[in-house]
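Chemist: Structure provided below as structure tokens; questions to follow.
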Amino acid sequence: MQSIAIIGHTAVDTLMTVDVLPTPNTSVPVKECFEEFGGGAANICTGIAKLGGRCTLVSPVGEDFLGSDYMRYLGELGIELELHISEAPTSRAYVMTDSRNDQMTFFYWGASSEFEHMRPRAHDAIHMATGDPSYNARAARLSKFA
């Protein structure tokens, strides 16, 4: 079975439940708050691996990712990691969901800002998840199937 390279974000998601979303210059109490593994590319890799496929995660991450539970989890799933290590922390998404299921998300690019400095390598097949369009275009030109 051919491996596919998935290019894009790896992030830690902080998910919060609130009664109402805040308006500018206000605050609201958070009813629930928890963290999940996230990032478009890492999520796609997780799905492929759980379905028995082979894939490589191509993503910038912070030094905080190295040795983390998230990194171990991806390894346990058999996902190959092609990581660019940044001095900036791993990207984060902060997602608030209100009682009507409306959402507000803030995304901290962190390590994902490194896409512009990364040099892609050729792969047989790639899938471009959310990330940097310029990097994705360079990766697509090098790869056999994008």
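Chemist: Residues in the range 17-31: is at least one of a type outside the set (K, R) and in contact with a helix residue (DSSP H, G or I) (Cβ under 9 Å, 6 or more places away or on another chain)?
Modeler: no
Chemist: Also, I was wondering about something else. Quick check on this structure: which one of H117, H127 is in contact with a helix residue (DSSP H, G or I) (Cβ under 8 Å, 6 or more places away or on another chain) and either of a type outside the set (A, V, I, L, M) or open to solvent by 50 Å² or more (accessible area, probe 1.4 Å) (or both)?
Modeler: On the way: H117 fails: in contact with a helix residue (DSSP H, G or I) (Cβ under 8 Å, 6 or more places away or on another chain).
Every option except H127 fails the conditions.
Chemist: Restricting to the range 82-108, give me the number of residues that are closer than 9 Å to V61 by Cα, open to solvent by 50 Å² or more (accessible area, probe 1.4 Å) and outside any strand (DSSP E or B).
Modeler: 2
Residue by residue, here is whether (1) at pLDDT 95 or above; (2) open to solvent by 30 Å² or more (accessible area, probe 1.4 Å); (3) under 11 Å from the mean Cα position of the chain (by Cα) holds:
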site	(1), (2), (3)
T17	yes, yes, no
F37	yes, yes, yes
A41	yes, no, yes
I48	yes, yes, no
L51	yes, yes, no
V61	yes, no, yes
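Chemist: For the range 109-146: of the residues being part of a loop (DSSP other than H, G, I, E, B), within 15 Å of the chain's Cα centre (by Cα) and touching a residue at least 60 places away in the same chain (Cβ under 8 Å), which is farthest from S91 (Cα to Cα)?
Modeler: From the range 109-146, those part of a loop (DSSP other than H, G, I, E, B) are 109, 118-124, 129-132, 143-144, 146; that's our starting set.
Then keep just the ones that are within 15 Å of the chain's Cα centre (by Cα); that gives 109, 129-132.
If we keep only those that are touching a residue at least 60 places away in the same chain (Cβ under 8 Å) too, we end up with 129-131.
Working: A129: 15, T130: 12, G131: 11 Å.
Within the range 109-146, the match that is farthest from S91 (Cα to Cα) is A129.
Chemist: For Y70, only one of the following conditions fails: (1) of a type in the set (S, T, Y); (2) at pLDDT 95 or above; (3) open to solvent by 80 Å² or more (accessible area, probe 1.4 Å). What is its number?
Modeler: That leaves (3) as the condition not met.
The values are calculated or read from the model by the stated rules, or taken from the named source; none is laboratory data. What you see is a predicted model, and the numbers here were worked out from it, not measured in a lab. Methodologically, a virtual Cβ is constructed for each residue, glycine included, from the backbone with ideal geometry; neighbour enumeration extends over all protein chains shown. Note: accessible area is taken over every heavy atom of the protein model, side chains too, but ligands, DNA and RNA are not part of it. Shrake-Rupley method; radii C 1.70, N 1.55, O 1.52, S 1.80 Å.
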